[in-house]
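Shown next, in structure tokens, is the structure this report addresses.
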Amino acid sequence: MHVPRARALDDPRARRILCFVIGVTLASAYATFFNWSYNFLMVMFAINFLTMPMRSAPSLRFAVSTVVKMIACVGLGLVLMLLLHSFQLFGFVLAALLLFLAFYLQAQGRIGGSDVMCVIIGCTIVPAFGSTSMDTGVLMAKGISKNILAVFPLVWIAFAVVPGGVLSRLPKEPRVEGTSADRGILALRSVLVLLPLFVFMLSSDNNTRYLIGYMKAAIISQVAVRMAARKFAGDLLMATLIGCTAGVIMWWLMKLWPSWLWFLLLMALFSLVSATRIFSASGGLQPNNLRWSYALTTLVLILFPAAMSQGFTGDDVDMKFYQRILDFSFVIAYTIFAVLLYDAVVAHLRRAFGKPAAENPTPEQHESNAS
């Protein structure tokens with residue numbers, strides 16, 4: 001009796017890994033070839049979409065919906081930019097309320113992480129870049145819009161290599177356990193972690209220098225409502241160490257063959273290493289998936305500005321490269337401290353008023369709930 005041989009691509013984990021590597025590499029190639037403003041955002045978007053809990057290609061409806069949401073949030077950010085120039089306090093309070101609403105709705109299970117990311121990017125980054133020059137804010141808005149428009153065709157190409165159906169939309173995220181007040185407290189934590197960095201960006205004359213760290217904090221904030229503080233801090237610290245170390249190693253490997261093609265091959269290699277630790281045997285996500293997806297995002301945010309400024313020459317990096325790593329480390333240290341401090345204060349207040357501590361679900365619990 002003939003028994004058909006199993007093919008490698010019949011393995012759901014192999015399919016997800018291959019799709020991820022192709023998608024990230026294509027995004028890296030497109031972003032570096034055309035080299036438009038803030039091109040590293042495209043790779044960050046690709047990593048985010050390819051590590052979502054979906055095993056099928058996003059449908060045209062899903063893509064259009066996401067693009068419309070992002071562009072709408074960018075437009076809202078331009079309005080906030082004008083308000084912050086004329087009515088600074090009112091604009092700041094409005095931005096804080098929008099962030100809280102987004103995080104609270106996520107904790108309620110009504111919107112997903114991608115929706116929160118649209119609000120964070122549109123309503124804080126655009127106004128921050130326009131704080132000193134409106135032209136710069138408009139340039140950032142154009143860069144965000146271009147990158148989100150271009151990333152979905154690349155994601156579709158990656159899924160076309162390993163076809164597995166079409167996903168019309170992401171399933172709703174499970175609601176965080178507890179009362180509405182508990183979910184409000186978790187949402188407030190994310191807002192209070194992000195707002196000081198937003199204020200710092202507003203007051204800085206060199207927003208580009210701090211954008212790298214802020215983008216990481218923005219990514220972190222959208223999941224902070226669902227992670228236990230210690231697990232969150234550990235994954236965050238490990239992601240920073242892995243990403244920064246990989247960035248330095250990859251830059252030195254560039255010296256072997258200083259070229260754009262070699263840069264893309266190295267990106268594919270590091271994407272492959274990350275993907276093997278992100279996806280489980282069933283094609284889902286491993287418990288430590290955030291650690292490795294954030295590590296790859298860290299590498300991108302640190303390495304791409306240096307690579308684009310020097311043209312893949314393999315020359316020794318200037319001090320700005322290591323300055324970005326230091327800025328990054330400062331932001332991460334602040335974020336870990338802020339999350340742990342907030343949780344400690346909330347726990348102390350609960351004990352003082354005789355209320356039981358609310359359980360903040362771990363990523364493993366979140367994964368089981370989602371399934």
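All of the numbers you see were taken from the coordinates with simple rules; none came from a lab. Just so it is clear, the model here is predicted, and its values are computed rather than measured. Note: ideal-geometry Cβ built from the backbone for every residue, glycine included; neighbour counts use all protein chains shown.
Normalised by 2.2 N^0.38 Å, with N the number of residues, the alpha-carbon radius of gyration of the stretch 67-179 equals 1.25.
Taking label positions 7 Å along the Cα-Cβ direction at both Leu265 and Ser180, the computed distance is 5.9 nm, reported to one decimal.
When the alpha carbon gyration tensor of the stretch 91-140 is reduced to an equivalent ellipsoid, its three semi-axes come out at 24, 12, 5 angstrom, largest first.
Once Lys and Arg get +1 and Asp and Glu get -1 on their Cβ, which of Gly178, Thr25, Leu266 lies farthest toward the positive end of the dipole of the stretch 12-362? The residue sitting farthest along the positive end of the dipole is Gly178.
When peptides 111-117, 129-135 are ranked by their average number of other Cβ atoms within 10 Å per residue, the highest-first order is 111-117, 129-135.
Which percent of the Cα-Cα distances in the stretch 8-132 go past 21 Å? Result for the distance tail: 52 percent. Counting 0.36 nm for each residue step from Gln88 to Ser282 and taking away their Cα separation leaves a gain of 64.8 nm. Treating r as the C-beta distance of Ser37 and Leu340 and R0 as 30 Å, the FRET efficiency rounds to 0.25. Scalar couplings 3J(HN,Hα) for the stretch 265-282, obtained by applying the Karplus form with A = 6.51, B = -1.76, C = 1.60 to θ = phi - 60°, are 5, 5, 4, 4, 5, 5, 5, 5, 4, 5, 5, 5, 9, 8, 9, 8, 5, 7 Hz; x denotes Gly and Pro. Spherically averaged projected area of the convex hull of Cα atoms, the stretch 33-84: 5.1 nm². The packing ranking of peptides 272-278, 349-355, 21-27, highest mean first, is 21-27, 272-278, 349-355, where packing means the average number of other beta carbon atoms within 10 angstrom of each residue. Protection proxy ranking, highest mean first, for peptides 291-301, 89-99, 142-152: 291-301, 142-152, 89-99, where packing is the per-residue count of other beta-carbon atoms within 10 Å, averaged.
Computed about its Cα centre, the charge dipole of the stretch 19-178 is approximately 340 debye, with only Lys, Arg, Asp and Glu carrying charge at their Cβ.
Once Lys and Arg get +1 and Asp and Glu get -1 on their Cβ, which of Val93, Ala158, Val126 lies farthest toward the positive end of the dipole of the stretch 88-202? It is Ala158, whose Cα lies furthest towards the positive end. Couplings for the stretch 134-148, taken from phi via the Karplus curve 6.51 cos²θ - 1.76 cosθ + 1.60 with θ = phi - 60°, read 5, 4, 5, x, 5, 4, 5, 4, 5, x, 4, 5, 4, 5, 6 Hz in order; Gly and Pro are left as x. Rounded to the nearest whole Hz, the Karplus-based 3J(HN,Hα) values (6.51 cos²θ - 1.76 cosθ + 1.60, θ = phi - 60°) of the stretch 238-250 follow the sequence 5, 4, 5, 5, 5, x, 5, 5, 5, x, 5, 4, 5, with x at glycine and proline. Near the amide H of Phe279, within less than 5 Å, lie the amide hydrogens of Gln286, all on another chain or at least 5 residues away, with H placed in the peptide plane. Note on the stretch 12-362: Cα convex hull, mean projected area over all directions, 16.7 nm².
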